[in-house]
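Trainee: Take this structure, written in structure tokens, and hold onto it; I'll ask about it next.
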Amino acid sequence: MTAQVADRFIYLGSPFHLAAYSNGELFYPDQHGYRPFPASTACWRGYCCEYAVKNGRLVLHQLCINHDGGEAEQTAQTSPPALNSKPAALSTETHIGKWLFDDVSLPLDYSGGVVIGRDFIYSLYAHMGFHPAWKYETVYELIFESGNLVHTSDLSHRMAEAREKIAKNPAEDIGDYSNEQIEQWIKNCFRRDYMR
């Protein structure tokens, strides 16, 4: 397996990675007529988003997607439908998706928590799934109500405590686990939901 490309999140003018969310994905391509399919082993879901907070509102800023345009060869080669009146362009990051929608500024009505991180700790890199929040030095939780940012919390100290706790209890050898436990671990590596 391969570590997955994380959604990006621009907050306070700085780039972060989206590590977790409390109420489902922030954006679902299929609700906008897109049919994503895997772009590479680093992007099994076939798309990657960049979100931002603009004037206190959550927006989709950018979407890179592998879109299945249909069965016919000619249809598959045409660009996907516009997103918030923005046409798709060919992407330079084809490992994420063939098509890029830039500067979309699509307002999102998401309600729930979002955990974002930056300053990834490369010594904690695992070649599997999405990286959890505790693998970042700087971590914030952003709370949205109908797309409006209503509260922020700095979780950096709590993530440092989590890293200390994990370091004191290292994982056992994989040979000590059953197939079911290994399958559950793999599923957990691809999950990004959390309970508030």
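The values are calculated or read from the model by the stated rules, or taken from the named source; none is laboratory data. Just so we're clear, the structure is a prediction, and the values are computed from it rather than from any experiment. We place every Cβ from the backbone using ideal geometry, glycine too, and count neighbours over all the protein chains shown. Accessible surface is based on the protein model in full, side chains and every heavy atom, while ligands, DNA and RNA are left aside. Shrake-Rupley method; radii C 1.70, N 1.55, O 1.52, S 1.80 Å.
Trainee: Which residues' amide hydrogens lie under 5 Å from the amide hydrogen of Leu106, considering only partners 5 or more residues apart or on another chain, with H built in the peptide plane?
Mentor: Hits under the 5 Å cutoff: Leu60.
Trainee: Go ahead and collect, in residue order, the members of region 139-156 whose backbone nitrogen is under 17 Å from a label point 7 Å along the Cα-Cβ direction of Asp109.
Mentor: 144-149
Trainee: What figure in square angstrom, to the nearest 10, would you give for the accessible area of Val59 with a 1.4 Å probe?
Mentor: Here the residue's solvent-accessible area equals roughly 10 Å².
Trainee: For region 7-16, take each phi angle, set θ = phi - 60°, evaluate the Karplus expression 6.51 cos²θ - 1.76 cosθ + 1.60, and give the result in whole Hz per residue in order, putting x for glycine and proline.
Mentor: Karplus values, whole Hz, x for Gly and Pro: 4, 9, 9, 8, 9, 6, x, 10, x, 10.
Trainee: Can you work out the accessible area per residue across region 16-146, with the rest of the protein chains kept in place, probe 1.4 Å, in square angstrom?
Mentor: Details: 6090 Å² over 131 residues.
Accessible area per residue: 46 Å².
Trainee: Now, a different point. Suppose R0 equals 22 Å. What FRET efficiency, 1/(1 + (r/R0)^6) with r the Cβ-Cβ distance, do Val150 and Ala89 give to the nearest 0.05?
Mentor: Computed FRET efficiency for Val150 and Ala89: 0.05.
Trainee: Under a plain spin-label model, where a point goes 7 Å from the Cα along Cα-to-Cβ, how far apart in nm are Asp30 and Ala82?
Mentor: The modelled label-to-label distance comes out at 2.7 nm.
Trainee: Which of the lysines could a cross-linker bridge to Lys86, judged by Cα under 22 Å and excluding same-chain residues fewer than eight apart?
Mentor: Lys54, Lys98
Trainee: Over region 1-96, what is the relative contact order in whole percent, taking alpha-carbon pairs under 8 Å and six or more residues apart? Don't skip to the answer; put the middle values down first.
Mentor: Working: 143 pairs, mean separation 24.5, N = 96.
The value is 26 percent.
Trainee: To the nearest 10 square angstrom, what accessible area does Ser111 show with a 1.4 Å probe?
Mentor: Looks like 50 Å² after rounding.
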